[in-house]
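Comments concern the structure below.
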Amino acid sequence: MNKVIRIAALPTLSLLLVGCVNNAEELGSHVAKLKTEQTYNPNATIDNLDVIPAGSGERMEGVYQTYTGKKDSELAGTDSQILEQFGQ
């Protein structure tokens with residue numbers, strides 16, 4: 001009787017293990033899929049390179065000081081902190 005149970009248990013356990021196999025996608029594929037689904041225009045960065053502001057007003061100078069770390073004392077005359085190669 002024990003031999004019959006052992007012989008029957010082997011295929012039964014094998015079938016149970018086959019039922020546990022999943023066809024999961026690669027690690028991180030769900031995050032990449034969500035990112036592409038939530039992005040309206042995936043090429044927005046490239047499409048908007050021409051829209052980079054080129055002003056030198058007081059409000060923009062404050063932002064540039066924070067971004068570049070330069071102070072007003074480091075500027076001479078009407079120099080601006082606009083990064084020349086930023087949009088290229």
Open item on the list: What's the total number of residues in region 8-26 that are at pLDDT 80 or above and among the β-branched types (Val, Ile, Thr)?
Closed with: 1
TODO: Write out, first by first residue and then by second, each pair whose Cβ atoms fall under 8 Å of each other, whose residues are 6+ apart or on separate chains, and whose first residue, in region 32-51, is at negative phi while the second is at pLDDT 75 or above and surrounded by 10 or more Cβ atoms within 10 Å (Cβ to Cβ).
DONE: Asn41/Asp47
Task: Residues of region 27-51 classified as in contact with a helix residue (DSSP H, G or I) (Cβ under 9 Å, 6 or more places away or on another chain) and at pLDDT 75 or above, total - done: 1
- [ ] Report yes if some residue within region 65-77 is at pLDDT 75 or above and at negative phi; otherwise report no.
- [x] yes
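The values are calculated or read from the model by the stated rules, or taken from the named source; none is laboratory data. Owing to the predicted nature of the structure, the values given are computational and were not obtained by experimental measurement. Using ideal geometry, Cβ is built from the backbone for each residue, glycine included, and neighbour counts are taken over all protein chains shown.
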